[in-house]
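The values are calculated or read from the model by the stated rules, or taken from the named source; none is laboratory data. Since we're looking at a predicted model, the values are computed, not measured. For neighbour counting, all protein chains shown are included, and Cβ atoms are generated from backbone atoms with ideal geometry for every residue, glycine included.
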Amino acid sequence: MFRAIRLEAGAVQRGGREVCGPGAPLFVDLTPEPEHLAFLRDRFGFHPLALEDAASMDERTKYEEYPEATFIVVHRLGPAPTDEGLQARELHLFLTRDALVTVHSAPLAEIDRLLDQFADQFANGASPLARGPDFVLYRILDAITDAHFDVADHLTDEIEDLAGEVTGGTTEDPELLARILQARRTHALLRRRLAPQREVLVALARPGEGRVRPETAPYFRDVLDHLLRVTEEIDTGRDLLGSVMDVHLSSVNNRLTLVTTRLTLIATIFLPLNFVAGWFGMNLEILPAPLAKVVVIAITLALPPSLWWWFHRRRLL
């Protein structure tokens, strides 16, 4: 995939490599095929290390300044295809004074929607590229950050459901612990991916730094504020999830203690019967006293209900 949009003399050109000439605002969206990266090297002169990172879709979040361009790596997180956990999609961006290049292997709905919006705005005579490639970068990062609000809200709702089940006494569900652990893994992944992106936005929002114009820097500060709100919601969810785990484990331990106590009391009730049977040897036919058989049977029948009544009165049962 190779898509390019170019603005020159008020006219919009859409296409592939043929519209990627110098001297006019340009937006390029492509997949990391070797021939595409080779074109970026020849057309823009990007640093070999940046191109090497762009070819790999297993990079950490980063912000790096090169003489030719600013290289940025961010992650867009969303539900996994299996509906278990999250899936991270990696996005690489090159920002120059007159161009923005995005590189990604998996489709990103935010970029597709942005291109559709750009087409409508171009048709109406308004061009986001006229405000500079850095403003297009802002639009992309803003859309990705807003998408993370939905992810964080969904996870918060899931944690609240888990908390309701735990406090409602449904600890016997064998899948409850697995769901809690899955939610913890999901939150850990979300925080691990989003926390470093704050540093990227801090660098972009700093006036006079990099290739972001002073008039565009406030927009990145707005995106940074949104991201901070997302991370705060994630931190709140993580604390709530830890409390849910503690309550669940306490409930399981309490149930285990109750079962152990009841089994111990049952064994205690039958212990005197074992003593009576062992003492008399169950040889009732040869007992010397004529009423011995009746006494032994009476003691045997009276001990269990007596012990049960005493334990119940002491609220041990």
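Miscellaneous remarks
- Only listed residue being closer than 30 Å to Gly164 by Cα and of a type in the set (A, V, I, L, M, F, W, C), chosen from Leu271, Leu204, Leu265, Leu256: Leu256
- Test: residue in region 64-84 that is buried (at least 19 other Cβ atoms within 10 Å of the Cβ), among the hydroxyl-bearing types (Ser, Thr, Tyr) and out of contact with any helix residue (DSSP H, G or I) (no Cβ under 6 Å at 6 or more places or on another chain): yes
- Identity of the residue in region 200-242, closer than 19 Å to Thr61 by Cβ and in contact with a Pro (Cβ under 9 Å, 6 or more places away or on another chain), that ends up surrounded by the most Cβ atoms within 10 Å (Cβ to Cβ): Ala205
- The residues listed here are Ile180, Ile269; of these, the one that is over 30 Å from Asp134 (Cα atoms), of a type outside the set (D, E, K, R) and touching a Pro at 6+ places or on another chain (Cβ under 7 Å) is Ile269.
- When Thr231, Thr236, Thr186 are screened for being in contact with a strand residue (DSSP E or B) (Cβ under 6 Å, 6 or more places away or on another chain) and of a type outside the set (Asp, Glu), only Thr186 passes.
- Only one entry of Arg192, Arg131 meets the criterion of being under 28 Å from Leu240 (Cβ atoms), basic (Lys, Arg) and modelled with pLDDT under 90, and that entry is Arg192.
- Residue that is nearest to Gly15 (Cα to Cα) [pool: residues in region 27-52 that are of a type in the set (A, V, I, L, M) and crowded, with 17+ Cβ neighbours inside 10 Å]: Val28
- Among the residues of region 198-243, the one identified as touching an Asp or Glu at 6+ places or on another chain (Cβ under 6 Å) and in a helix (DSSP H, G or I) is Val223.
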